[in-house]
1. Using a Förster distance of 25 angstrom, determine the FRET efficiency expected from the C-beta separation of LYS179 and VAL338, and round it to 0.05.
2. Please give the peptides 99-109, 363-373, 54-64 ranked by average Cβ packing (other Cβ atoms within 10 Å per residue), highest first, as a rough proxy for protection.
3. Over the stretch 114-155, with every protein chain in place, what whole percent of the accessible area is carbon and sulfur at 1.4 Å, could you tell me?
4. Residue separation times 0.36 nm, minus the C-alpha to C-alpha distance between GLU188 and ASN231: what's the value?
5. Just the number: Rg to Rh for the stretch 257-363, Cα atoms, Kirkwood Rh, two decimals.
6. Considering only protein heavy atoms, what per residue accessible area in square angstrom results for the stretch 107-205 with a 1.4 angstrom probe?
7. Can you tell me the accessible area per residue over the stretch 212-257, all protein chains present, probe 1.4 angstrom, in square angstrom?
8. Note down the Stokes-Einstein diffusion coefficient of the stretch 111-197 in µm²/s, whole number, using a Kirkwood radius over alpha carbon pairs, 10 °C, and 1.306 mPa s.
Amino acid sequence: MMGANGETAMRDLGAHLRGRLAARAGAAMLSGLMALVGVCAQARSAAADLDYSRFWPAAVAGFAVPASDALVQTMPALATGIEIACTGGSPEPFEEVFTQAVGAAARLTVLRAGALADDNRLERIAFIPDGRGVVRRQVTRLIAERDPTALDAARLREKSVALQGLTALEWVAFDKDGKIVLADRGEEGAYRCAYAASLSERLGATARELRAAFEAPSGQTALLLAPGPDNALARTHKEAAGFVFNAVMTSLELIRDQMLVPMVGEQGSAAGAARVPFSRSRNGAAYLTGAIDGLFRAVAAAGYADGAAETAWIGNTLRFERDNASKALAALPADLEVALADETARGRLAYVLTVLTGLRAMLSGELAGQLDFRGGFNALDGD
């Protein structure tokens, strides 16, 4: 057995070794921290040379204006489709143009900034997210009460935003099986048709307001173009560019975490398809396609990854992944519940989720670091 002196010696030796190991670990940690500080310093140095004033004007001209114009262009055909369906004609024209309008709206609204943020236009186009079923409750009540004020587009504007957008039109025009019910007869059918016509007129007016506010900048669009010490939204062009970047990242978080993960994540299920907007009308795939395409296009149009050798690879990756995601989405059935029941289609959705997961890491990590942007993307927390 070891004597008291031996035990003391072993304790002393152990303490000595632990001290040496701690010193080495501390030195390694310090070295790592110094390297991280060096990387951050290099990123800040590179960011100091950036012209932040170019990002928002490029996003407006290259993305917001053409995307809002594309939405405007769908509106006349939407009104015509409603009229044809309501007068006993084929529902197909309405069905087709509604899908086009969903895609156009999804593509544009991922921007979430500028004219979209003024006067609740984002929600007036489509009330998303709607985890509490606000559109369903309000539209159902409106139809039950036959509120005549909703049949006038000018008066409809003063009502809840949940009663004004494409999400409201979907609830009016489609039943739970995705069948168009605008041709239904009787008092309720007549009210549905009159309300749908009012909705299309209201949507057309909102879309034109959006386009005008982007083309001739006003409101938030103008504030982001002219930052300054008295500008409550952005004091510098860097703050303006970061504000828009965070808005787009919020859309990415929404699509990934609240739509794709509930369907095909580790705990995903077929019931998650109902969380994707416009699934009632079997346009969930059209919404996802438009929104994801919009994400890639908005970042590319703004030029966030352009102008620096360190971020050139990000621009190339964006184009590559956009093409891959587009191909996967194009091969999906329109009905996401059908897609989830098919192993191949479900695999495509899982692949799109993987793409968005990588995109989030790349944009919020590497690109945000190179641009010296800080802040989280929690605008939708609680929805």
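1. 0.95
2. So the order, starting with the most tightly packed, is 99-109, 54-64, 363-373.
3. The value for the stretch 114-155 is 46 percent carbon and sulfur by accessible area.
4. Additional length available on full extension: 10.5 nm.
5. For the stretch 257-363, the value is 1.01.
6. Per residue, the stretch 107-205 has an accessible area of 41 Å².
7. That works out to 41 Å² for each residue.
8. For these conditions, the coefficient is 118 µm²/s.
The values are calculated or read from the model by the stated rules, or taken from the named source; none is laboratory data. These figures come from a predicted structure and were not determined experimentally. Here Cβ is always computed from backbone atoms with ideal geometry, including for glycine, and neighbour counts include all displayed protein chains. Calculation scope for accessible area: heavy atoms of the full protein, side chains included, ligands and nucleic acids excluded. Shrake-Rupley method; radii C 1.70, N 1.55, O 1.52, S 1.80 Å.
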